[in-house]
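What follows draws every value from the coordinates through simple rules; no lab data is involved. Computed from a prediction, not measured in an experiment: that's the story for all the values here. Every residue, glycine as well, gets a Cβ built from its backbone with ideal geometry; the counts of neighbours run over all protein chains shown.
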Amino acid sequence: TYSGDTHVKEGTLWLENSGIIGSAGSKQKINIASAARFGGSGIVNGNVFNSGNLAMSKSGEVGNNLTINGDYTGNNGNLFFNTRLGGDNSLTDKLTISGDSNGNSTVYITNVDGKGELTNKGIELIDISGNSNGVFTQGNQVQIGLYEYRLYKDTGDWYLRSQSNAPV
């Protein structure tokens, strides 16, 4: 644990083993510049401003959770999620925001060994407790077999939902 504002200007800052930035209740800032990458599995006690790249897992890993105990603001930044694409309860990376979401972000999905399956509500990627004003746009097509997955907003949170492209 450490405190103070963090400016990730280039390169990568990665949280390992459920790392924690800031003490509970602190309101520091994480600023991710356009040439930088931040992420991992852990907790940020403060606000995140994303102009760069935010990822929950490294390549091939799936199931990490990054919790922001504060607000998230996308300044045309990117979010990267690894997911084992299947039904509603599929193993996935997740971003949990206890505050508000604002701004614009592009979401990229990588399938890790998923076979595709029909979803109902969907696979939850982004859980927002506060005001969900952020715009999250899917940046890549995700097609697994007969199933295409698309990003949807439902009651303030964001999900991947599949639809079958099977001939009728």
Can you check how the C-alpha radius of gyration of the range 51-118 compares to 2.2 N^0.38 Å, as a plain ratio?
1.16
Net charge (Lys, Arg +1; Asp, Glu -1) of residues whose beta-carbon lies under 12 Å from that of Lys58, Lys58 excluded, is -2
Just to be sure I understand the model, the point goes 7 Å from the Cα along the line to the Cβ. What's the resulting Leu146 to Asn76 distance in nm?
4.1 nm
How high is the relative contact order of the chain, in percent, with contacts defined as C-alpha pairs under 8 Å that are six or more residues apart?
15 percent
As a quick test, which of the pairs Lys9/Lys29; Lys29/Lys153; Lys121/Lys153 have an alpha carbon distance above 21 angstrom in this structure?
Lys29/Lys153
Taking a spot 7 Å from the Cα of Val135 along the direction of its beta carbon, which residues of the range 42-80 have an amide N less than 17 Å from it?
50-51, 73-79
Principal axes of the range 109-168: Cα extent on each, largest first, Å
39, 23, 17
Hey, what's the Cα Rg ratio for the range 50-90 versus the globular rule of thumb, 2.2 N^0.38 Å?
1.33
Quick check for me: using +1 on Lys/Arg Cβ and -1 on Asp/Glu Cβ, what's the dipole size of the chain about its Cα centre, in debye to the nearest 20?
160 debye
Neighbour net charge for Gly87 - beta-carbon separation under 13 angstrom, K R +1, D E -1:
+1
Residues in the range 12-29 reached by a label modelled at Glu61 [backbone nitrogen below 16 Å; 7 Å Cα→Cβ]
12-21
Going toward the positive end of the dipole of the range 83-168, with +1 on Lys and Arg Cβ and -1 on Asp and Glu Cβ, which of Gly114, Ser101, Thr83 do you reach last?
Gly114
Report the local net charge at Gly4: Lys and Arg +1, Asp and Glu -1, summed over other residues whose C-beta lies under 14 Å from its C-beta.
+1
Checking the range 1-77 for GluC sites (Glu not before Pro) in a loop per DSSP with at most 16 other beta-carbon atoms within 10 Å yields Glu10, Glu61
Principal axis dimensions, largest first and in whole angstrom, of the chain by Cα
57, 31, 26
